[in-house]
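S.K.: Below you will find the structure I want to go over with you.
The values are calculated or read from the model by the stated rules, or taken from the named source; none is laboratory data. What you see is a predicted model, and the numbers here were worked out from it, not measured in a lab. Backbone-built Cβ (ideal geometry, glycine too); neighbour counts: all protein chains shown. Ligands, DNA and RNA are excluded from the accessible area calculation, which covers all protein heavy atoms including side chains. Shrake-Rupley method; radii C 1.70, N 1.55, O 1.52, S 1.80 Å.
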Amino acid sequence: MELADYDPLQGKRLQVLDPEGNADPALLPALDEEVLCLIFRRMLAARLVDRTCLTLQREGRMGTYPPVEGQEACQVGSVLALSETDWIVPSFRELAAALVRGVPLERIFLYWMGHEEGSRIPKSLRFLPVAIPVGTHILHATGLAMGISYRREKDAVLCFFGDGATSEGDFHEALTFAGVSKAPAIFFCQNNAWAISVPRKAQCAATALAAKGVGYGIPGVQIDGNDPLAAYLATEAALRRARAGEGPTLIEAITYRLGPHTTSDDPGRYRSAEEVERMRPLEPLVRYRLFLQGRGLWSEAWEAEITADIEKWIAESIQKAEAFPDPAPEDIFDYMFAELPPHLARQKASLLSSLQEE
Amino acid sequence: MPSLNLVEAINLALREELARDPDVLLLGEDVGLEGGVFRVTEGLQQAFGAGRIIDTPLAESGIVGVALGLALLGLRPVAEIQFMGFLPPALDQIISHVGRYRHRSRGVYSAPLVIRLPYGGGIHAPEHHSESIEAMLVHTPGIKVVVPSSPADACGLLKSAIRDPDPVLFLEPKRIYRAVREEVAEGMEPIPLGRARQVRSGRDLTVIAWGAMVREAQKAAETLAAEGVETEIIDLRTLSPLDTGAILASVRRTGRCLVVHEAARTAGLGAEISALVMEGALLQLKSPVARITGFDTVMPLPRGEHFYLPDAGRIVRAAREIMSF
């Protein structure tokens with residue numbers, strides 16, 4: 001598979017699996033059955049965790065949460081193409097990517113439950129904390145990638161963002177810097193059709209967001225973002241370029257956000273129920289289930305079995321997250337600097353003594 | 001010991017830190033071949049290569065955001081923004097990310113980067129080239145703000161800034177880039193951040209200043225000395241964290257305090273220092289804390305900037321009023 005064969009300016013789009021789960025034999029990556037099944041397990045895990053988060057939010061046990069339903073294929077497919085030492089720079093909707101990388105689930109719960117300890121992700125995982133401002137984190141991915149080049153290492157950086165982020169100035173600056181420095185970065189745009197209430201067509205007049213790569217001297221490719229094998233293949237091709245010193249790649253994955261932007265958002269105000277119903281059969285789990293079934297790798301019993309495993313893990317992780325001690329007052333001071341400066345030491349002492357007086 | 005001006009002293013600090021630590025690298029617009037618009041980085045690309053002294057695209061947010069990414073990997077980038085007036089596009093990165101990364105990640109990541117910022121007026125520059133917005137930076141959690149006022153301080157403080165495990169904004173008073181020379185020892189020890197310097201001792205009045213204003217205060221002190229007023233000058237050197245101990249110790253001794261800054265008046269750092277003195281030295285005060293500052297206006301173009309910038313004359317007049325309170 002050559003990225004150049006999928007010129008977004010010619011309206012081409014990479015797809016391995018059609019919506020009925022039929023694979024294009026010329027494109028099917030050489031993955032063994034265990035990995036093919038793992039893709040489903042990870043997508044299912046993300047789906048079940050996501051639904052759990054929505055329930056927890058409705059029960060008042062979690063704060064505002066951005067659902068990932070519909071975007072599992074982008075994240076699972078691309079992250080599985082990475083090696084463990086490649087970096088992942090997420091925005092805030094990368095639950096599936098975090099799970100594939102091995103970020104402990106109780107940390108993810110903790111974060112959305114409003115506890116900073118949720119962002120304590122071991123450095124060895126090379127998965128940066130959630131970035132809430134839109135698009136600003138793309139520059140950090142470029143910086144990491146430039147640093148990797150400076151150190152003559154072979155790792156790459158995979159950065160996730162949405163269609164709305166491509167309108168931000170920092171997207172432009174990140175691709176500008178990455179292009180001129182040939183940084184080993186993969187810019188992965190999950191075009192999920194909506195930036196809160198603004199549809200993709202009102203976001204940018206470009207025919208394809210992947211085509212924006214041309215302006216920075218970066219190859220861009222559009223893929224079917226509900227096809228995990230397309231995400232895997234495109235990421236793998238981008239990785240080959242990165243490791244060969246050929247520089248960054250822009251991947252635009254056309255996917256669909258089945259849920260709201262966050263639990264605070266009401267998509268009923270700006271999009272029709274018919275649109276969502278039309279998109280639902282195209283979502284990644286439906287398609288991939290059919291694909292596995294066609295290869296004799298899926299059965300109801302198997303899905304029930306892995307569902308039970310996932311649900312047990314979710315229940316244990318909720319328990320760990322909810323049993324986690326509340327933040328100590330000193331925590332708000334102690335991580336500001338490597339060494340506590342005098343003014344913060346005074347403010348900390350003042351808070352601690354006022355708490356003691358209460 | 002060579003006699004260096006501020007530009008040469010900063011260049012020396014950069015050169016020595018680059019030689020000492022391969023993780024240090026420089027990036028910014030024109031910092032490479034050109035050696036920076038003020039020639040602060042002159043000769044460094046020739047000495048250390050274009051892979052370490054990186055001429056970047058013209059994009060301030062990009063420079064700071066990329067520097068943060070480099071720092072997250074464990075490198076120690078020193079980024080240059082050509083003029084503080086061009087910093088606003090990068091403030092988003094500084095406020096949203098640079099100052100927060102250690103806190104956000106519970107100490108898993110730190111952001112050991114330095115942003116060098118030529119700042120301040122008095123060099124007859126166009127619009128957006130003379131700003132002094134240090135109060136905005138000081139108000140931002142998680143960053144340190146350093147301002148040298150002499151070549152030796154610039155060299156020693158910059159070394160500390162580069163070795164600091166946290167982000168440091170290093171403000172260079174470009175008005176005195178070439179106005180002062182001083183002996184600066186090669187291989188000099190870093191000067192610790194967070195400690196003010198007593199430039200002159202005196203029993204009657206404490207003048208608190210930083211950057212180019214230290215020189216104006218020194219000139220004023222000469223005039224005042226001739227009138228029998230002994231002025232103590234405290235150069236803050238680090239604006240965040242503030243050396244409150246040095247400020248209070250001096251004001252408690254003299255009983256009078258005048259803050260001089262070229263930034264706009266309202267909610268400037270002078271207001272913070274004034275509040276600090278009220279909290280910590282009220283009963284020793286013989287007169288209200290006074291401020292000589294820029295105005296709450298746009299910084300004027302060259303032909304009007306002398307109206308805006310505090311100078312020795314304004315400081316002397318304010319000191320006389322304080323003394324006769």
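S.K.: Which residue is farthest from the other protein chains (Cβ to nearest Cβ), if the candidates are limited to the stretch B:119-149 and must be hydrophobic (A, V, I, L, M, F, W, C), closer than 17 Å to B:A90 by Cα and open to solvent by less than 10 Å² (accessible area, probe 1.4 Å)?
M.R.: B:L137
S.K.: Kindly evaluate A:L80 against the criterion of being open to solvent by less than 10 Å² (accessible area, probe 1.4 Å) and in a helix (DSSP H, G or I).
M.R.: When the stated conditions are applied, A:L80 does not pass them.
S.K.: Which of the residues that make up the stretch B:2-15 are open to solvent by 10 Å² or more (accessible area, probe 1.4 Å) and of a type in the set (S, T, N, Q)?
M.R.: Scanning the stretch B:2-15 gives B:S3, B:N11.
S.K.: Are any residues in the stretch A:138-147 over 10 Å from B:L68 (Cα atoms) and either surrounded by fewer than 24 Cβ atoms within 10 Å (Cβ to Cβ) or without any contact (Cβ under 8 Å) to a residue 60 or more places away in the chain (or both), and if so, which ones?
M.R.: A:I138, A:M146, A:G147
S.K.: A further question follows. Of the numbered conditions (1) of a type outside the set (K, R); (2) over 16 Å from B:I191 (Cα atoms); (3) surrounded by fewer than 21 Cβ atoms within 10 Å (Cβ to Cβ); (4) at pLDDT 95 or above, B:A152 fails exactly one; give the number of that condition.
M.R.: (2) is the only condition that B:A152 fails.
S.K.: Continuing with this model, one more query. Please report, ordered by residue number, the helices (runs of 4 or more DSSP H) entirely within the stretch A:104-211 with at least 1 residues that are touching a strand residue (DSSP E or B) at 6+ places or on another chain (Cβ under 8 Å).
M.R.: Hits in the stretch A:104-211: A:138-150, A:169-181, A:200-203.
S.K.: Related question: Among the residues that make up the stretch A:347-357, is at least one of them open to solvent by 60 Å² or more (accessible area, probe 1.4 Å), within 14 Å of another protein chain (Cβ to nearest Cβ) and under 30 Å from B:T244 (Cα atoms)?
M.R.: Checked the stretch A:347-357: at least one residue is open to solvent by 60 Å² or more (accessible area, probe 1.4 Å), within 14 Å of another protein chain (Cβ to nearest Cβ) and under 30 Å from B:T244 (Cα atoms).
S.K.: Can you tell me which of B:I292, B:I315, B:I322 is over 15 Å from B:T266 (Cα atoms), β-branched (V, I, T), surrounded by 15 or more Cβ atoms within 10 Å (Cβ to Cβ) and touching a Pro at 6+ places or on another chain (Cβ under 9 Å)?
M.R.: Just one listed residue meets the conditions, B:I322.
S.K.: Now a separate question. Quick test of your reading of the structure: B:I81 fulfils all but one of (1) farther than 24 Å from B:E186 by Cα; (2) open to solvent by 10 Å² or more (accessible area, probe 1.4 Å); (3) in contact with a helix residue (DSSP H, G or I) (Cβ under 6 Å, 6 or more places away or on another chain); (4) not polar (S, T, N, Q). Name the failing condition by number.
M.R.: (2)
S.K.: Quick one: which residue in A:S91, A:S78, A:S124 is assigned by the TED database to the domain that holds A:G147, more than 12 Å from the chain's Cα centre (by Cα) and at pLDDT 95 or above?
M.R.: A:S124
S.K.: Give the stretch A:127-167 a look and list any residue that's more than 8 Å from chain B (Cβ to nearest Cβ), within 18 Å of the chain's Cα centre (by Cα) and not β-branched (V, I, T), or say none.
M.R.: Within the stretch A:127-167, A:F127, A:G135, A:A156, A:L158, A:C159, A:F160, A:F161, A:G162, A:D163, A:G164, A:A165 meet the criteria.
S.K.: Please verify whether A:L17 is more than 20 Å from the chain's Cα centre (by Cα), in the same structural domain as A:L233 (by the TED database) and at pLDDT 95 or above, treating the condition exactly as stated.
M.R.: yes
S.K.: What tally of residues in the stretch A:24-38 results from selecting those that are hydrophobic (A, V, I, L, M, F, W, C) and outside any loop (DSSP other than H, G, I, E, B)?
M.R.: Looking only at that region, the number is 4.
S.K.: For the stretch A:248-274, give me each residue that is acidic (D, E), surrounded by 13 or more Cβ atoms within 10 Å (Cβ to Cβ) and not in a loop (DSSP other than H, G, I, E, B).
M.R.: Within the stretch A:248-274, A:E252 is the sole residue that qualifies.
S.K.: Quick test for you: out of B:I123, B:I54, pick the one residue that is on the phi < 0 side of the Ramachandran plot, of a type in the set (A, V, I, L, M) and modelled with pLDDT of 95 or more.
M.R.: B:I54
S.K.: Given the conditions (1) more than 22 Å from A:L27 (Cβ to Cβ); (2) of a type outside the set (D, E, K, R); (3) open to solvent by less than 20 Å² (accessible area, probe 1.4 Å), and given that A:G245 satisfies all but one, which numbered condition is not satisfied?
M.R.: Result: A:G245 fails condition (3) only.
S.K.: Continuing with the same structure: Could you check how many residues of the stretch B:16-58 are of a type outside the set (V, I, T), part of a loop (DSSP other than H, G, I, E, B) and open to solvent by 10 Å² or more (accessible area, probe 1.4 Å)?
M.R.: Going through the stretch B:16-58 one residue at a time, the tally reaches 17.
S.K.: Output the residue which, of all residues in the stretch A:33-55 that are without any contact (Cβ under 8 Å) to a residue 60 or more places away in the chain and surrounded by fewer than 17 Cβ atoms within 10 Å (Cβ to Cβ), is farthest from A:F109 (Cα to Cα).
M.R.: A:E34
S.K.: While we're looking at this one, here's another question. Does A:A338 satisfy being more than 23 Å from A:G118 (Cα to Cα), without any contact (Cβ under 8 Å) to a residue 60 or more places away in the chain and out of contact with any Phe, Trp or Tyr (no Cβ under 8 Å at 6 or more places or on another chain)?
M.R.: For A:A338, the condition - more than 23 Å from A:G118 (Cα to Cα), without any contact (Cβ under 8 Å) to a residue 60 or more places away in the chain and out of contact with any Phe, Trp or Tyr (no Cβ under 8 Å at 6 or more places or on another chain) - is not met.
S.K.: Looking at the stretch A:275-319 only, could you name the residues that are hydroxyl-bearing (S, T, Y), surrounded by fewer than 16 Cβ atoms within 10 Å (Cβ to Cβ) and assigned to a helix (DSSP H, G or I)?
M.R.: A:T307
S.K.: Looking only at residues that are polar (S, T, N, Q) and closer than 23 Å to B:L33 by Cα in the stretch B:45-101, which one is farthest from the other protein chains (Cβ to nearest Cβ)?
M.R.: Per the criteria, the residue is B:Q46.
S.K.: Could you tell me which residue of the stretch B:238-256 is surrounded by the most Cβ atoms within 10 Å (Cβ to Cβ), considering only residues that are of a type in the set (D, E, K, R), touching a residue at least 40 places away in the same chain (Cβ under 8 Å) and more than 14 Å from chain A (Cβ to nearest Cβ)?
M.R.: B:R256
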